[in-house]
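See below for the structure under consideration.
The values are calculated or read from the model by the stated rules, or taken from the named source; none is laboratory data. In this text the structure is predicted, and so the values were computed from the model without any measurement. Cβ placement follows ideal geometry from the backbone for every residue including glycine, while neighbour counts extend to all protein chains displayed.
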Amino acid sequence: MNPPASPRPAVLTRRGLIQKAGLGLLGASALAHVAPPLAAAEEKTAAKKIAAPVPPPELAPLNRFPRMMHEYFLRRVVDNERAAEARVAGLHSRGDAEAYVRDTTAKVRRCFGPLPEKGPLHPRVTRTVDRDTYTIENVIFDSRPNFPVTGNLYLPKKRAAKTPAVVGVCGHSQNGKAGGTYQSFAQGLARLGYIVLIIDPIGQGERFQYVDAALKPVKEGNVREHLYVGNPQFLVGEFFGTWQAWDAIRAFDYLQTRPEVDGNRIMITGNSGGGTITSWCCALEPRFLAAAPSCFINTFRRMLESEQPADTEQCPPHTLALGLDHAEFLVPFIPQHLILLGQEKDMFDARGLEQSYARVRRLYELLGVRDHVDHFMGPDYHGYSQHNREAMYGWFNRVTGVAKTQKEPALTLEKDEVLWCTPRGQVADLQPDTVLSFTRATAQRLQAGRKKLTGAALERAVVDVLHLPARTGVPDYRILPAVAGRRYPKRFAAHYAVETEPGILTTVFRLAEAAASFRVPRGSKRAVLYVSHRSADAELRDEPLIREVMAADPAAPVFACDLRGVGDSQPNTTGKQFTDSYGSDYFYAIYGLMFDQPYPAQRTFDLLRLIDWLKAHGHEEIHLVAKGWGTIPATFAALLAPAVTRATFKHALSSYGDVAAAEEYDWPLSAFVPDVLKTFDLPDCYADLAAKNLKLIEPRGAKSGL
């Protein structure tokens, strides 16, 4: 006998939900907008036109806790910094320092994940440019299969048989290696006698991943493309910073194939985003003899205090959970030669560089190589200014003896086209693989190899992937002033702030016909809990689903909540729009990833605590209703909370696999769970929730339109 088929979640349109609720046409029309009566003057006109309804006045958003997320993370980052300072201060011998370096190196390597296998470089020189004291070879090599890296190889004409070389990595210039600052240090080093290979990072110069038919970048410039291609990589367990560093490591490998290069004396430098790549190479590639990261090294505390969102590749996962900071990523490089470069007027707080330098210097001292580390603070704004370039020249000269002066020679910058390695200035012309195609292939491979999880095994997997902590007791709450006059489905709303963990207040409205500013009443065994997409306040006015659910079960009290970081606690930081690529939603989402607590996990925990709170007030059968962004934590909480007996989700994400495979997506980083596709996907959860009468209304794919 065949077993009975498992129940499936119903996928409904809005009309279907109305009919399911038994409202019929009358219910549907009751929910529709009804135009106001015609004005008397218009009734007398020959045309008898219907007057357009007058829109209601705008209501100021409720936003009681706009600094909550900032102060929450700042407290945690300060605690991390103090603990790191104490650990280094507690080292007193060479043995202590050696043990610390081993332990820290292991933690740092975990943040980057396993490195790929090294395949053939397939190097090719596409053009040679002859200049007075050097030549430039325009070079392409593959850092991964069919993944080309473009670079300029500067070869001094007067050089020894084997010459020290430098890998140069660019900051966030649109034209990459052709940018004036980056040409300057490459040409300056070449004129002093160094071989230099300067490469375009992914998403810059000739390596944009998203271009139009005319090969022009389409993702708002290079730094935003970094976020766009990097964020979905978390879903498959990849980190964009590893990809950027890997290109530089493969540039090192290419230099070792050149007969002109002294393979034992290869160094690396870069500024800003290039300073990031240089720092990550310090963490991953000890073969570099010396490194000079400029205008990057800081502390996460100083970055957070100044509300400076960093790129995806500048925020390695697990970092803060493992107690690491910028200084620790330099520790694996000891005892190699290191100079940290900064600027007094940098947007990055110069104190952060000085703190990191002091911590690293302490280790160099204990290991007997104090003269292998230094720092230089230029007088300028953010950038690889001549002061800083000359400090770098001097440091490399000290290590190699190539030149006796660190004074920068006279420079003559080239036009971009002279430095192009491809015919039209973009590798897209070569039809290579892209970061997207690698992410898509990885997602498909993971899906094919995943064991399907159900029941208790799926619940354990969700807890493990989200790193959910245990919950005990009933959370405390504040009674806030009641809300009225905001056009909710009922005249009033009691307003509460539930403390789901220290420093986090999750706000809840309870709809009522009478004014209420008192503790939560005990009442119906059943309750409806609505999880907002962006703002419970706005959605209580504008979202038809809430009224439909209320009509279907008029006896059940209705609660609506804003989980952390939206609505009542939407941050007002960073000076950018909340949903901007670098806005506050992204800002705190990326810090959550570094703490191994992605936003969906934090919000799931909030929601589970709210369910505990409702149960403590007698609501043991909860109909969990959610929209858009709110459906992500609602899915996980519905799966894990026995008190949730029904679930209705509108505009839920179809699957994480869809995002990982999509050319275009608009779900934010705050919706992503790192490594999730290694274990399960959202459809697995939806299938299990069919047992709780899950209804999926108008689910959305990677391009949600929300």
Failed criterion for L121 (all others in (1) outside any helix (DSSP H, G or I); (2) within 32 Å of the chain's Cα centre (by Cα); (3) loosely packed, with under 14 Cβ neighbours inside 10 Å hold): (3)
Have a look at L320, L304, L324 and point out the one that is more than 17 Å from the chain's Cα centre (by Cα) and either touching a residue at least 40 places away in the same chain (Cβ under 8 Å) or assigned to a strand (DSSP E or B) (or both). L324
Return only the number of the condition from (1) part of a strand (DSSP E or B); (2) modelled with pLDDT under 95 that M347 does not satisfy. (1)
Working only within segment 607-623, note down all residues that are under 28 Å from the mean Cα position of the chain (by Cα) and buried (at least 24 other Cβ atoms within 10 Å of the Cβ). L607, L610
Among P674, P683, P633, which is the only one that is outside any helix (DSSP H, G or I) and touching a helix residue (DSSP H, G or I) at 6+ places or on another chain (Cβ under 9 Å)? P674
For segment 150-159, indicate whether the set of residues that are under 22 Å from A291 (Cα atoms), assigned by TED's automatic domain parsing to the domain that holds C282 and small (G, A, S) is non-empty. yes
Conditions (1) under 30 Å from the mean Cα position of the chain (by Cα); (2) over 21 Å from Y384 (Cα atoms); (3) part of a loop (DSSP other than H, G, I, E, B); (4) modelled with pLDDT of 95 or more; number of the one not met by P201: (2)
Looking only at segment 652-702, count how many residues are of a type in the set (D, E, K, R) and under 21 Å from Y582 (Cβ atoms). 2
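Residue by residue, here is whether (1) modelled with pLDDT under 95; (2) aliphatic (A, V, I, L, M); (3) touching a Phe, Trp or Tyr at 6+ places or on another chain (Cβ under 7 Å) holds:
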position: T439; (1), (2), (3): no, no, no
position: Q447; (1), (2), (3): no, no, no
position: A482; (1), (2), (3): yes, yes, yes
position: G485; (1), (2), (3): yes, no, no
position: P521; (1), (2), (3): yes, no, no
position: R534; (1), (2), (3): no, no, yes
I'd like to verify a number: residues in segment 246-268 that are outside any helix (DSSP H, G or I) and either of a type in the set (G, A, S) or touching a Gly at 6+ places or on another chain (Cβ under 6 Å) (or both), how many? 1
Please enumerate the residues belonging to segment 155-172 that are aliphatic (A, V, I, L, M) and either surrounded by 18 or more Cβ atoms within 10 Å (Cβ to Cβ) or under 31 Å from the mean Cα position of the chain (by Cα) (or both). L155, A165, V166, V167, V169
Name the single residue that is surrounded by the most Cβ atoms within 10 Å (Cβ to Cβ) among those in segment 73-113 being over 28 Å from the mean Cα position of the chain (by Cα) and not in a helix (DSSP H, G or I). L91
For the subset of segment 636-661 comprising residues that are part of a loop (DSSP other than H, G, I, E, B) and out of contact with any strand residue (DSSP E or B) (no Cβ under 7 Å at 6 or more places or on another chain), which member is surrounded by the fewest Cβ atoms within 10 Å (Cβ to Cβ)? P642
Given the criteria of a type outside the set (K, R), within 30 Å of T434 (Cβ to Cβ) and free of Cβ contacts under 8 Å to residues at least 60 places away in the same chain, does S654 qualify? yes
How many residues are over 26 Å from the mean Cα position of the chain (by Cα) and small (G, A, S) if we restrict to segment 632-653? 3
List the pairs whose first member sits in segment 340-360 and is farther than 17 Å from T269 by Cα, whose second member is at pLDDT below 95, and whose Cβ atoms are under 9 Å apart, counting only residues at least 6 apart or on separate chains? M347/Q308; F348/Q308; D349/Q308
